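The values are calculated or read from the model by the stated rules, or taken from the named source; none is laboratory data. Nothing here was measured: the structure is a model prediction, and the numbers come from that model. Cβ atoms come from the backbone with ideal geometry, glycine included; neighbour counts cover every protein chain shown. Only protein heavy atoms, including side chains, enter the accessible area calculation; ligands, DNA and RNA are left aside. Shrake-Rupley method; radii C 1.70, N 1.55, O 1.52, S 1.80 Å.
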Amino acid sequence: MERYEPAKIERKWQEIWAREGAFTVPNPEPGSVGDDRKTYVLEMLPYPSGELHMGHVRNYMLGEVVSHFRRRRGEAVLRPMGFDSFGLPAENAAIKEGGHPRDVAERNIAAIRTQIERMGWAIDWSRVLATHEPEYYRWTQWLFLRFFERGLAYRREAAVKWCPNDQTVLANEQVIDGRCERCGAEVEAKSLEQWFFRITDYADALLDEMALLESWPERVLTMQRNWIGRSEGAEVVFEVEGSGETIPVFTTRPDTLFGATFFVLAPEHPLVSELVRGTEAERDVLAYVRRSAARSAVEREEKDKDGVSTGRHVVNPATGEPIPIWVADYVLMEYGTGAVMGVPAHDERDFSFAERYGLAVRTVVAPAGEKAPPEGAFVEHSADERLVNSGRFSELPAPEGKRAIVEWLEAEGRGQATIGYRLRDWLLSRQRYWGCPIPIIHCDRCGVVPVPDDQLPVLLPEIEEYLPKGRSPLASAEDWVRVSCPSCGGEARRETDTMDTFVDSSWYFIRYTDPANDGAPFDREIADYWLPVNQYIGGVEHAILHLLYARFFTKVMNDIGLVGFREPFARLFTQGMLHRHGAKMSKSKGNVIVPDEYIERYGADAVRLYLLFIGPVEQDAEWQDAGFEGIVRFLHRLWRVVLEAAEAGDEGTADGPLARKAHETIARVTDDIGRRFALNTPIAAVMELVNEIGRRPGDPAMRFAAETAVSLIQPYAAHIAEELWERLEHSRLWEEPWPEADEALLERDSFVLVVQVNGKVRGRVEVPAGLPEDELVARAKELPRVRARLDGVEIRKAIVVPGKLVNLVVQG
RNA sequence: GCCGAAGUGGCGGAACUGGUAGACGCGCUGGACUCAAAAUCCAGUGGGGCUUGGCCCCGUGCGGGUUCGAUUCCCGCCUUCGGCACCA
């Protein structure tokens, strides 16, 4: 018998698919939109920083199986591919290896594309894009200008996070525990002019419109909710004694206003220097501010709370008492107003601060029905609490107290209900070379002027010296920077910052629908046909950054009228990571395995199958060569068994046990892929079927069972399935409809009845289907091991589960 | 500290709605084929016990509970992993 030689057949079918455009899907004809038999399957686009490893391959297998399955179920399936090729990884790689980032990126893209093609994935290559190509980033710039027109992109001086290693600013989202998420360097604070997207305007939409999502992992939604950090509270205005100046604070506990015994400003608060100017405290306060500035975020958080008194006071609007103003770095300038009222009795942080500096502690909320807690102590939050020591608000339950105090503040003009967010505006400018230029011109007369649409794209200039030096490398391209102002024609300068790569990847999923459009980023009708993405697939590491930004972009595009949908991804699936030797695959750990040599020796199909067989896709998994061998064996067995069946000739679709097994397998695999999203168990089901065929040589249903096995395994092992299908005298399995199980054949005429006594299995007996309950009980009682236990005792109850089991409950 | 997910043989995992725990694969043991080996094929394989052609007991992280019946539901704990964390 001919041997299974994957290298030969895989090349053959890959060529056929490419030649026939097997996985190229056309856009709908204009006007014919409305057909809902479409599926948009999308995996997060890869960053071409090196080559593809097994972890990536596993991720793409998920979309692979789903798109084959749904196409064969009659849907138009869009599954594109592209490359997120701008950004630090390509630039850093270029710096290390020497050379231009473009060359590095394009070399990596070519290498990855070759790897992908060798995997034989069903991808529509006619829509491929790379975010560094001018044909793409022209429209990234165009979208930026639309944001700019609406005030959603703006420039301001801000205290920003600076990575001293990457020599660029970072978005808040890119700072983890005070460190750069890319390189791990401790982040520094700097004050710089930067570009921002006003994502905070969309904070509520980003929260509320989660309701429009069909199926997202709960934990991803929770992470986004935490990140946005909406909290309801009030802004309370405090007046500085002596100057009449006012300082607002944000609080979620306006009910504790009477307990505010001190007031704290963040060291960065703009009023600090003014408040202490010329006072005795000035030197100490300014020294404290300097010391805080030198402390890293991590240090600030780990030390005990400290601070310094300003000697000045504000008036507590509730009590009319003057309370001291302190400066302390446990108050963060980035959150709320950079100032807080200190309520030590009801806030742990304020309490430890008050303890250290001997500040007054006043209880103003106490559990109902109990006698007042001791003065000067911290009082835990409790379910049923009421206000005390709060003037006319005393005795009110806390929620009402909150409302009443806010109402009173509003009437007095001393505050109002507000909502605080943890979310900050998205800092999008980067002082690096390899990114999308910001299409803005600075003119001394006209100020900040957008580049007119018809002058897009603003091409990234070719420069030799692109190394990060703390200011934008683009600034050194003097000919490029110098430009005439589009508004007044005078001398002007180009913006030299580039965009964060997350901007590039915030709209690519729409460009795929209309990738060659050179008059607009995409056609709205086509975009509205394909989107939202029916199944988005990616790593949970993008739970906040990319997914939040893409949602934000989509909402803005919808508000502008560019698209008809509010959410880009209806269903999201986050897959687990692939480990090896107990650790996540990474170059630094040296445990990376690439598919290439495995493809060469065992074929792409073995790699494809194994990566899904290894375990549930949503869980982490461990690559084991021993397990891989089992799959290689299975493919050889499949090959042999099917070729034997092909020789057996067509004896028609008989019924009988093997035919029934085949239909059962169809039902299982269809349900697992289509409904349960379980991609490992279908492989086991097909293995069972193949084992069964091997055990029954000469069975009249052999050929049918073999065809079924081949057809069901096709989304996983596309090459061998196609080859075997051809040898079974058919053609083009990828276009063949997905098989359907014959319900009638699934009905069994007998089954194995499980018999329990007091819930423990004591026997099994084959019985005909459809027996009445009392007959089932009678059969159960006849079993010897059951009879032995019924001797001399009374059956109190008999539970019958039709088609499954009988449980006899006896005394005792 | 708060939130979330997970814990099943020697290993990866299966058991979907409370109804046969361990499908499928790896490994291991025995057998067939072979001069021999590899490959392949067949059979067995959770643990313990016994009067061993069979039967009994135990068994899904630990302790309770609900139920005729719990890997599955409820309460309490332990461990591991992930996220958030001075957010006023």
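Tally the residues that are in a strand (DSSP E or B) and open to solvent by 40 Å² or more (accessible area, probe 1.4 Å), restricting the search to the stretch A:413-469. Please lay out each step first, then the result.
Step one: of the stretch A:413-469, the residues in a strand (DSSP E or B) are A:415-420, A:426-427, A:429-430, A:437, A:440-443, A:447-450.
Checking the rest, the ones that are also open to solvent by 40 Å² or more (accessible area, probe 1.4 Å) come to A:416-417, A:419, A:448, A:450.
Result for the stretch A:413-469: 5.
Need a quick list: helices (runs of 4 or more DSSP H) entirely within the stretch A:213-331 having at least 3 residues that are open to solvent by 20 Å² or more (accessible area, probe 1.4 Å) and assigned by TED's automatic domain parsing to the domain that holds A:A360. Explain how you work it out, then say what you get.
Working: elements: A:218-228, A:272-276, A:282-294, A:297-302.
Where helices (runs of 4 or more DSSP H) fall fully within the stretch A:213-331 and carry at least 3 residues being open to solvent by 20 Å² or more (accessible area, probe 1.4 Å) and assigned by TED's automatic domain parsing to the domain that holds A:A360, they are A:282-294, A:297-302.
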| request: Take A:I112 and decide whether it is in a helix (DSSP H, G or I), open to solvent by less than 10 Å² (accessible area, probe 1.4 Å), among the hydrophobic types (A, V, I, L, M, F, W, C) and on the phi < 0 side of the Ramachandran plot. | output: yes
Residue hits (the stretch A:360-377; modelled with pLDDT under 75 and either open to solvent by 40 Å² or more (accessible area, probe 1.4 Å) or over 17 Å from A:F258 (Cβ atoms) (or both)) are A:G369, A:E370, A:K371, A:A372, A:P374
* Asked: On the given criteria, is A:V777 open to solvent by less than 40 Å² (accessible area, probe 1.4 Å), more than 14 Å from A:L753 (Cβ to Cβ) and out of contact with any helix residue (DSSP H, G or I) (no Cβ under 6 Å at 6 or more places or on another chain)?
  -> no
Going residue by residue through the stretch A:662-669, is there one that turns out to be within 14 Å of RNA strand B (Cβ to nearest atom) and touching a strand residue (DSSP E or B) at 6+ places or on another chain (Cβ under 7 Å)? no
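Considering only residues that are open to solvent by 30 Å² or more (accessible area, probe 1.4 Å) and touching a residue at least 24 places away in the same chain (Cβ under 8 Å), look in the stretch A:347-358 and name the one that is nearest to A:A234 (Cα to Cα). Give the derivation first.
Let us first name the residues in the stretch A:347-358 that are open to solvent by 30 Å² or more (accessible area, probe 1.4 Å), namely A:347-349, A:351-352, A:355-358.
Now drop any that are not touching a residue at least 24 places away in the same chain (Cβ under 8 Å), which leaves A:347-349, A:351-352, A:356-357.
Working: A:D347: 16, A:E348: 20, A:R349: 19, A:F351: 21, A:S352: 24, A:R356: 28, A:Y357: 27 Å.
Of everything passing the filter in the stretch A:347-358, A:D347 is nearest to A:A234 (Cα to Cα).
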Within the stretch A:749-774, restricting to residues that are within 11 Å of RNA strand B (Cβ to nearest atom) and in a loop (DSSP other than H, G, I, E, B), the one that is surrounded by the fewest Cβ atoms within 10 Å (Cβ to Cβ) is A:G759
Answer yes if at least one residue in the stretch A:461-471 is modelled with pLDDT under 95, among the small types (G, A, S) and farther than 16 Å from A:F86 by Cα, and no otherwise. yes
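A:I247: at pLDDT 85 or above and closer than 30 Å to A:V379 by Cβ, yes or no?
Working: at pLDDT 85 or above: yes; closer than 30 Å to A:V379 by Cβ: yes.
It is true that A:I247 is at pLDDT 85 or above and closer than 30 Å to A:V379 by Cβ.
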Of the listed residues (A:R668, A:R608, A:R637), the one being among the charged types (D, E, K, R) and more than 35 Å from the chain's Cα centre (by Cα) is A:R637
Discussion item. Residue under question is A:R796, and the condition is that it be open to solvent by 80 Å² or more (accessible area, probe 1.4 Å), assigned to a strand (DSSP E or B) and farther than 19 Å from A:Q811 by Cα; does it hold?
Written reply: no
With criteria (1) without any contact (Cβ under 8 Å) to a residue 60 or more places away in the chain; (2) more than 41 Å from the chain's Cα centre (by Cα); (3) within 14 Å of RNA strand B (Cβ to nearest atom), A:A294 comes up short on (2)
By residue number, the members of the stretch A:655-700 that are open to solvent by 30 Å² or more (accessible area, probe 1.4 Å) and either farther than 30 Å from A:V617 by Cα or not in a helix (DSSP H, G or I) (or both) are A:D655, A:P657, A:F677, A:N680, A:R695, A:R696, A:P697, A:G698, A:P700
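Please determine whether any residue of the stretch A:621-628 is assigned to a helix (DSSP H, G or I), free of Cβ contacts under 8 Å to residues at least 60 places away in the same chain and under 30 Å from A:E29 (Cβ atoms).
Within the stretch A:621-628, the first condition is being assigned to a helix (DSSP H, G or I), and the residues that meet it are A:625-628.
Now restrict to residues that are free of Cβ contacts under 8 Å to residues at least 60 places away in the same chain: A:625-628.
Add one more test, that the residue is under 30 Å from A:E29 (Cβ atoms), and what stays is none.
Checked against the condition, which is being assigned to a helix (DSSP H, G or I), free of Cβ contacts under 8 Å to residues at least 60 places away in the same chain and under 30 Å from A:E29 (Cβ atoms), the stretch A:621-628 yields no hits at all.
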Within the stretch A:332-367, the count of residues that are more than 13 Å from RNA strand B (Cβ to nearest atom) and assigned to a loop (DSSP other than H, G, I, E, B) comes to 7
All-but-one check, A:N226 against (1) closer than 30 Å to A:I537 by Cα; (2) more than 9 Å from RNA strand B (Cβ to nearest atom), failing number (2)
Query - Selection status of A:D497, of a type in the set (D, E), farther than 24 Å from A:Q575 by Cβ and in contact with a Leu (Cβ under 9 Å, 6 or more places away or on another chain) - result: yes
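Conditions tested, residue by residue: (1) charged (D, E, K, R); (2) at pLDDT below 95; (3) assigned to a helix (DSSP H, G or I).
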{"residue": "A:W142", "(1), (2), (3)": "no, no, yes"}
{"residue": "A:F148", "(1), (2), (3)": "no, no, yes"}
{"residue": "A:R156", "(1), (2), (3)": "yes, yes, no"}
{"residue": "A:A159", "(1), (2), (3)": "no, yes, no"}
{"residue": "A:L192", "(1), (2), (3)": "no, yes, no"}
Flagged in the stretch A:60-104 as open to solvent by 10 Å² or more (accessible area, probe 1.4 Å), more than 25 Å from A:V25 (Cα to Cα) and among the acidic types (D, E), in numbering order, are A:E97, A:D103
